[in-house]
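Visitor: The following block contains the structure, expressed as structure tokens.
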Amino acid sequence: MSGHDVSATARVVVGVSGSLGSVTALRRAAALARRLGSALWPVLAWEPPGGDPAARRSPACGLPTEEWQRLAKQRLAAVLEEIFGAAGPGVPMRPVIVRGTPGPALVAIADREDDVLVVGAGRRGLQRAFSGRVSRHCLAHAGCPVLAVPPSPLESELLTVHRRNTWHLRMDIREL
């Protein structure tokens, strides 16, 4: 997706899934890469539905591995296009698609001492207990600096609106 040679430069590796947290992390990683003069490595890790054990038990059911790989590549390209447009991030970029669990995959890719690994920090509040596994894994196992980007304030507002709509609660127009 980029015509630059990114093999010799320092890297800012960022986990991308398409979630709001990963988009916030991607924007922060691009800004960091510009400031450091580094290459940006957006990484999308994917697994077949049910994980590899389920795929090994019944490889015939569902889509073939090549199709899952193509869909992952398509999702990453769509996120990058939506965030950066045709102009790109303003630094050399090497998008990476990898089959595996996100935390271990990101740590394996950000394997140089001079890398910086950027991940979304997960959600706030009660949901935090069930999220943030990727960021916790990266913080515990990475051999390079890790930047855990907190959620955007807009994410909590979006969750509040979603919750209000789910429970069919009235909106107080004085809040607007």
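The values are calculated or read from the model by the stated rules, or taken from the named source; none is laboratory data. All values derive from a computational prediction rather than experimental measurement. Cβ coordinates were reconstructed from backbone atoms using ideal geometry, including for glycine residues, and neighbour counts include every protein chain displayed. Areas reflect the complete protein model, heavy atoms only, side chains present, ligands, DNA and RNA absent. Shrake-Rupley method; radii C 1.70, N 1.55, O 1.52, S 1.80 Å.
Visitor: What do you reckon, is S156 at pLDDT below 75, of a type in the set (S, T, Y) and either more than 13 Å from the chain's Cα centre (by Cα) or assigned to a helix (DSSP H, G or I) (or both)?
Guide: Criteria met by S156.
Visitor: Now a separate question. When both residues are 6+ apart or on different chains and their Cβ atoms are under 9 Å apart, which pairs have a first residue that lies in region 73-85 and is touching a residue at least 40 places away in the same chain (Cβ under 8 Å) and open to solvent by less than 100 Å² (accessible area, probe 1.4 Å), and a second that is among the aliphatic types (A, V, I, L, M) and assigned to a helix (DSSP H, G or I)?
Guide: So the pair list comes out as V79/V23; V79/L26; L80/L26; I83/V23; I83/L26; I83/A30; F84/L26; F84/A30.
Visitor: Would you please list the contacts, defined by Cβ atoms under 9 Å and residues six or more apart or on different chains, that run from a residue in region 131-146 that is polar (S, T, N, Q) to a residue that is outside any helix (DSSP H, G or I) and modelled with pLDDT under 90?
Guide: Qualifying pairs under 9 Å: S131/G122; S131/R123; S135/A121; S135/G122.
Visitor: Examine region 45-67 for a residue that is closer than 21 Å to G143 by Cα, open to solvent by 20 Å² or more (accessible area, probe 1.4 Å) and either in contact with a Pro (Cβ under 8 Å, 6 or more places away or on another chain) or at pLDDT 95 or above (or both), and state whether such a residue exists.
Guide: Yes: one or more hits.
Visitor: Continuing with this model, one more query. Among the candidates A87, A72, A78, which residue alone is farther than 13 Å from A29 by Cβ, at pLDDT 90 or above and over 17 Å from the mean Cα position of the chain (by Cα)?
Guide: One residue alone meets the criteria, A87.
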